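Colleague: One structure follows; several queries about it will come next.
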Amino acid sequence: MSKENAETAPWATLTLRAPNSSGGENDSGLVDLLDALGAMLAEHPGVGGVETRDPALFGASVEAPELVVYTTPPHVEELELRARQRGAAMGLELDVHAQVRTDDDWRDSWKNFYTHIILGEGDLLLRPSWLERREGDPERELVLDPGRAFGTGYHQSTRLCLELLMQRAREGFAPAAVLDLGCGSGILGIAWAKRAAAQSELVFVDIDPEAVDTARENVEINALLERSRFAVGGAGALDERFALVIANIRPEVLDPFAEAIVEHVAPGGELLLSGILNEEGDRLVARYTALGLELLGRPELEDWCALWWRRPETQ
């Protein structure tokens, strides 16, 4: 295909919205459901990308939570049917708007929803590849493009993890090996490696092969491939222990697989759990305390919390 034809080849989007959403603070649960629906739709071979837009993060440019699916015209009808069916199974009544475009302005318009993020006390710059560095940006940076795996740094649960990781790095925590469990885009393991002084080995694990591939791509972009390993699977995919385990996963996984997750934490090691709504926190605290872990902190951001644990040396 010639460059001219490639530039004018038609693309399509499906924009999914819940008609009863308020666009206010009570929509955090809706954002989670749209995230989950996006993960399901991203498995379709005709999907080039998905993104969940949360008004709490994007401001006036987004009036209410929405999921945007990027595809091509031949797949629109099938994907709309699939979105409605899977949405209904999740209790979501959806308005679906399909649009086919060929202009370059539309092709890049989704990039307007991403910006620079400075983490910690100026510890690390997070930016997509199409945004240039600015004067005064932190020297350390993580370059990560949105893709078909989740983890862009915008969701509250991810921000909690990133800020805690920056804090522990400033405090001099230096684990020899780090496990990013349910790695998605790989953002958390990569962020740790970019900020920490120690040259930790990085291990990225996810049940979704697409996520593992995306994590590998982002690891390579950030020049960390030589110190990284990858595996497809869940908490039982590896038979190893780590000085730091990160798991930004919903309680539907963190609770039933708690024993397997804790087993990956080395004696004296630390465990960061996130993806937890505030009202779910007490249940997870009780669950992991019963397994012998010591709770070091429970920071909150809006409706979300994270739990930072240490495993005793004697376990």
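The values are calculated or read from the model by the stated rules, or taken from the named source; none is laboratory data. This is a predicted model, so every value here is computed, not measured. Quick reminder, even Gly has a Cβ in these numbers, built from the backbone with ideal geometry, and neighbours come from all protein chains shown. Side chains included, ligands, DNA and RNA excluded: accessible areas come from the protein's heavy atoms. Shrake-Rupley method; radii C 1.70, N 1.55, O 1.52, S 1.80 Å.
Colleague: Applying the Karplus parametrisation 6.51 cos²θ - 1.76 cosθ + 1.60 with θ = phi - 60° to the phi angles of segment 192-200, what ³J(HN,Hα) value in whole Hz is obtained for each residue in order, glycine and proline being reported as x?
Modeller: Couplings: 4, 5, 6, 9, 6, 6, 6, 8, 5 Hz.
Colleague: I'd like the orientation of helix 209-221 relative to the chain: the angle between its Cα long axis and the longest Cα principal axis, in ° from 0 to 90, rounded to 10.
Modeller: The two axes meet at around 80 degrees.
Colleague: Also, quick follow-up: Give, as a single signed number, the net charge of other residues whose beta carbon lies under 13 Å from the beta carbon of ALA169, with Lys and Arg counted +1 and Asp and Glu -1.
Modeller: Working: positive: ARG140, ARG168, ARG170, LYS194, ARG195; negative: GLU121, ASP123, GLU163, GLU171, GLU270.
Residues near ALA169 contribute 0 overall.
Colleague: If you don't mind, another one. Any idea of ARG134's accessible area? Nearest 10 Å², probe 1.4 Å.
Modeller: For ARG134, solvent-accessible area is about 110 Å².
Colleague: If packing is taken as the mean number of other Cβ atoms within 10 Å per residue, what is the order of 278-286, 165-173, highest first? Let's see the in-between values first.
Modeller: Details: 278-286: 14.3, 165-173: 17.3.
Highest mean packing first, the order is 165-173, 278-286.
Colleague: Within a Cβ distance under 13 Å of VAL143, other residues only, what is the Lys/Arg minus Asp/Glu net charge? Don't skip to the end; give the middle numbers.
Modeller: On the way: positive: ARG127, ARG133, ARG140, LYS194; negative: GLU132, ASP137, GLU141, ASP145, GLU217, GLU220.
Net charge in that neighbourhood comes out at -2.
Colleague: Okay, moving on. Just the number, please: percent antiparallel of the DSSP beta bridges in the chain, rounded to the nearest 5. Could the numbers behind the result be given before it?
Modeller: On the way: 32 of 55 bridges.
Taking every DSSP beta bridge within the chain, about 60 percent pair in antiparallel fashion.
Colleague: Under a 10 Å cutoff between Cα atoms, tell me which one of ILE246, ILE187, ILE207 has the largest fluctuation in the Gaussian network model of the chain.
Modeller: ILE207
Colleague: Can I ask one more? Where does each of 208-217, 287-296 land if you order them by average Cβ count within 10 Å, highest first?
Modeller: On the way: 208-217: 19.9, 287-296: 15.3.
So the order, starting with the most tightly packed, is 208-217, 287-296.
Colleague: Sticking with this structure for a sec: Can you tell me the 0 to 90 degree angle between the C-alpha axis of helix 76-89 and the longest principal axis of the chain, rounded to 10?
Modeller: Roughly 50 degrees, rounded to the nearest 10.
Colleague: Near the amide H of ALA243, under 5 Å away, which other amide H atoms are found, from residues 5 or more places off or on another chain, if H is placed in the peptide plane?
Modeller: When sequence neighbours closer than 5 places are left aside, the close amide H contacts are ALA176, ALA177, ALA266.
Colleague: Using just the helices of the chain, give the 222 nm mean residue ellipticity in deg cm²/dmol: DSSP H runs with n ≥ 4 each add -39,500 (n - 2.57), and the total is spread over all residues, rounded to 500.
Modeller: Details: 11 runs with 100 residues, N = 315.
Value at 222 nm, helices only, nearest 500: -9000 deg cm²/dmol.
Colleague: What are the ³J(HN,Hα) couplings of segment 266-273, residue after residue, when phi is run through the Karplus curve with 6.51, -1.76, 1.60 and θ = phi - 60°? Round to Hz, x for glycine and proline.
Modeller: 5, x, x, x, 10, 9, 10, 10
Colleague: Using 0.36 nm per residue of separation minus the Cα-Cα distance, give me the extension gain between VAL62 and GLU226 in nm, one decimal. Intermediate results must be reported in sequence, preceding the final value.
Modeller: Details: separation 164, 0.36 × 164 = 59.04 nm, distance 3.97 nm.
That works out to 55.1 nm of additional length.
Colleague: Beta carbons within 10 angstrom, averaged per residue: use that to sort the peptides 302-313, 253-264, highest first.
Modeller: Numbers: 302-313: 19.3, 253-264: 17.6.
So the peptides 302-313, 253-264, ranked by packing, come out 302-313, 253-264.
Colleague: What does the charge count around GLU226 come to, taking other residues whose C-beta lies under 13 Å from its C-beta (Lys +1, Arg +1, Asp -1, Glu -1)?
Modeller: Details: positive: ARG216, ARG227, ARG229; negative: GLU201, GLU220.
It works out to a net charge of +1.
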